[in-house]
Amino acid sequence: MNKIVSIVGRSNVGKSTLFNRLIGYRKSIVNYKSGVTRDRNYGFCNWNGIEFCLIDTGGYTNKSENIFEKKICEQFFFALEESDILLFLVDPSNDILGIDYDISKILLKLKKIIYLVINKIDLSKNRYNTSNFLKLGISNTYCISSINGTGTGELLDSIVSIFRKYDLNKNKKKIPRIAIVGRPNVGKSTLINTLLNKNQNIVTNISGTTRDSIDVFYKKFGIECILVDTAGIRKKKKIKENIEFYSVMRAIKSIQNSDVCLLIIDIKSGFESQDMNIFKIIENNNKGIVILINKWDFIKKNEKNLSINYEKEIKKKITPFNDVPIFFTSSFTKKNIIKSIKTAVKISFNLKLKIKTSLLNKIILPILYKNPPPSINGKYIKIKYCSQIPTYNPQFIFFTNYPNFIKETYKRFIENKIREKFNFTGIPIKILFRLK
Ligand SMILES: Nc1nc2c(ncn2[C@@H]2O[C@H](COP(=O)(O)OP(=O)(O)OP(=O)(O)O)[C@@H](O)[C@H]2O)c(=O)[nH]1
Ligand SMILES: Nc1nc2c(ncn2[C@@H]2O[C@H](COP(=O)(O)OP(=O)(O)OP(=O)(O)O)[C@@H](O)[C@H]2O)c(=O)[nH]1
């Protein structure tokens with residue numbers, strides 16, 4: 001399970017509106033004309049501490065005469081395949097149309113978890129027209145209004161309850177899962193081949209090389225882990241269209257299936273916005289990160305001091321979460337390859353690090369007493385005590401008299417102090433404030 005949810009439905013049923021409501025901000029363009037959601041939209045939804053990826057699959061059409069519609073169709077099927085849960089959105093303002101039956105047939109074949117989501121129930125006439133939709137053959141039904149939010153809380157509760165069950169089972173497994181992620185052509189497959197010492201994957205210099213998904217057990221040099229690499233790319237002809245979309249989908253899948261990610265950057269192109277997107281996805285999913293600047297063998301001997309500036313530049317870009325190990329690697333010369341994997345495994349153990357409340361308070365509170373948060377409107381803010389909560393990744397709660405008055409800069413100050421005193425390198429941590 002990868003925690004991917006897709007919203008599916010014909011044009012104009014309210015997919016973008018629902019997407020925007022669940023994501024919490026207006027990312028996609030909504031228009032009263034149908035077919036306005038031009039391209040795949042994906043974003044992250046966090047409900048009661050569980051984060052999942054949400055995809056708006058765009059207006060599915062069964063008439064794919066033009067290239068634009070064909071492209072949407074391809075991405076539609078790709079998104080369905082990658083998803084764990086499908087929200088089939090329908091609009092009771094109209095009767096069930098042929099295309100609704102077509103979509104339900106496609107979905108039922110996929111053997112995924114399907115929710116029939118009846119939208120626009122804020123319109124009174126629609127409330128009496130919902131039972132009709134049971135004809136589509138999907139019994140798991142929710143009635144919602146994407147415009148005013150009615151019923152969306154129950155829908156989200158149900159989605160995250162499925163993911164929560166999955167997390168509980170997953171946490172029982174002990175072997176660290178290391179994902180190899182990065183933009184197309186940065187050297188992910190070559191790195192895996194180098195580690196495994198065989199030509200299991202097909203490697204070419206064409207972006208988006210076709211190959212199968214691999215999830216292999218790795219045991220060498222005292223390291224034990226599972227290497228996660230999810231190929232989301234099956235047919236080359238699909239790839240030409242929107243390579244970044246497929247590669248991001250593939251990255252999301254691998255990230256969610258892992259504990260720690262090796263984020264591969266190509267030294268020739270540097271750390272670009274797409275790398276930053278992947279970095280953020282890893283961070284938002286609370287996974288550990290190690291950055292590999294790959295293809296170091298391209299660098300000539302007289303340029304080798306370049307690494308210092310390179311590292312500085314990346315740390316600046318990823319600030320505030322810049323306590324991340326960075327290695328300069330080459331799959332060709334094997335430079336730093338084993339070191340990177342060893343570090344990733346170490347980080348996976350630190351992800352589970354639980355600091356005793358007594359120790360945490362003993363070390364952190366004196367620092368905060370010395371450097372209290374600035375008072376606001378004459379109100380003196382006091383941090384009384386803190387504790388680490390038992391979550392998948394490290395999260396710390398600080399109890400205070402004015403939780404809402406604490407600024408982002410102070411939060412960051414606390415995070416830095418925790419990082420200074422305990423080893424959370426490469427791991428996203430969360431600082432929360434509660435009233436006491
Ligand atoms: N009354 C009501 N109108 C809604 C609701 N949800 C969406 N709409 C309206 O329905 C229209 C279509 O909404 P969109 O979100 O663009 O629909 P879509 O399914 O993404 O459409 P395509 O981009 O064509 O695929 C817009 O005018 C929305 O304001 C709802 O819950 N209630
Ligand atoms: N010089 C150099 N080239 C490398 C290195 N690692 C990979 N390459 C080359 O980079 C190209 C892409 O490598 P792949 O391993 O297929 O990259 P990928 O990230 O798996 O690519 P996609 O399948 O498109 O996502 C190939 O031509 C490799 O030979 C390296 O360490 N040094």
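Among the residues of region 329-343, are any within 30 Å of residue 384 (Cα to Cα) and either within 16 Å of ligand 1 (Cβ to nearest atom) or not small (Gly, Ala, Ser) (or both)? Full working, then the answer.
Keep residues of region 329-343 that are within 30 Å of residue 384 (Cα to Cα), which gives none.
Scanning region 329-343, I find no residue that is within 30 Å of residue 384 (Cα to Cα) and either within 16 Å of ligand 1 (Cβ to nearest atom) or not small (Gly, Ala, Ser) (or both), so the answer is no.
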Just the residues that are touching a helix residue (DSSP H, G or I) at 6+ places or on another chain (Cβ under 9 Å) and at pLDDT below 75, please, taken from region 214-234. 214, 216, 229, 230, 231, 232, 233, 234
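Among the listed residues 192, 178, which satisfies the condition of being within 16 Å of ligand 2 (Cβ to nearest atom) and within 18 Å of the chain's Cα centre (by Cα)? Write out each step before concluding.
Working: 192 fails: within 18 Å of the chain's Cα centre (by Cα).
Just one listed residue meets the conditions, 178.
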Failed item in (1) touching a Cys at 6+ places or on another chain (Cβ under 6 Å); (2) modelled with pLDDT of 90 or more, with residue 252 passing the rest: (2)
Residue 149 passes all but one of (1) open to solvent by 40 Å² or more (accessible area, probe 1.4 Å); (2) within 16 Å of ligand 1 (Cβ to nearest atom); which number fails? (1)
Just to be sure, is residue 52 surrounded by fewer than 18 Cβ atoms within 10 Å (Cβ to Cβ), at pLDDT 80 or above, outside any loop (DSSP other than H, G, I, E, B) and of a type in the set (A, V, I, L, M, F, W, C)? no
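From the list 123, 155, exactly one residue is open to solvent by less than 40 Å² (accessible area, probe 1.4 Å) and of a type in the set (A, V, I, L, M). Which is it? So that I can check it myself, show each step before the final result.
Values: 123 fails: open to solvent by less than 40 Å² (accessible area, probe 1.4 Å).
Within the list 123, 155, the selection yields 155.
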I need the full set of residues from region 108-139 which are closer than 19 Å to residue 11 by Cβ, away from ligand 1 (no atom under 12 Å from the Cβ) and either of a type in the set (Lys, Arg) or assigned to a helix (DSSP H, G or I) (or both), in order please. 133, 136
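Against the condition assigned to a loop (DSSP other than H, G, I, E, B) and surrounded by 21 or more Cβ atoms within 10 Å (Cβ to Cβ), how does residue 269 come out, does it pass? Write out each step before concluding.
Values: assigned to a loop (DSSP other than H, G, I, E, B): yes; surrounded by 21 or more Cβ atoms within 10 Å (Cβ to Cβ): no.
No; evaluated as a whole, the condition is false for this residue.
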If the requirement is being modelled with pLDDT of 85 or more, away from ligand 1 (no atom under 16 Å from the Cβ), out of contact with any His (no Cβ under 6 Å at 6 or more places or on another chain) and not in a strand (DSSP E or B), which of these qualifies: 105, 172? 105
Residue under evaluation residue 142, criteria (1) open to solvent by 10 Å² or more (accessible area, probe 1.4 Å); (2) part of a helix (DSSP H, G or I); (3) not aliphatic (A, V, I, L, M), criterion not met: (2)
Can you pull out every residue in region 391-433 that is of a type in the set (Ser, Thr, Tyr) and either under 17 Å from residue 362 (Cβ atoms) or within 23 Å of the chain's Cα centre (by Cα) (or both)? 391, 392, 425
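Yes or no, residue by residue, for (1) assigned to a loop (DSSP other than H, G, I, E, B); (2) closer than 30 Å to residue 298 by Cβ; (3) aliphatic (A, V, I, L, M); (4) open to solvent by less than 30 Å² (accessible area, probe 1.4 Å):
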{"position": "341", "(1), (2), (3), (4)": "no, yes, yes, yes"}
{"position": "347", "(1), (2), (3), (4)": "no, yes, yes, yes"}
{"position": "358", "(1), (2), (3), (4)": "no, no, no, no"}
{"position": "366", "(1), (2), (3), (4)": "no, no, no, no"}
{"position": "385", "(1), (2), (3), (4)": "no, no, no, no"}
{"position": "392", "(1), (2), (3), (4)": "yes, no, no, no"}
{"position": "411", "(1), (2), (3), (4)": "no, no, no, no"}
Selection within region 272-291 - open to solvent by 10 Å² or more (accessible area, probe 1.4 Å) and closer than 14 Å to residue 326 by Cβ: none
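The values are calculated or read from the model by the stated rules, or taken from the named source; none is laboratory data. Treat the numbers as computed from the prediction; the structure is a model and nothing was measured. Every residue, glycine among them, receives a Cβ derived from its backbone with ideal geometry; neighbour counts consider all protein chains shown. Please note that ligands, DNA and RNA were not included when accessible areas were found on the heavy atoms of the full protein model with its side chains. Shrake-Rupley method; radii C 1.70, N 1.55, O 1.52, S 1.80 Å.
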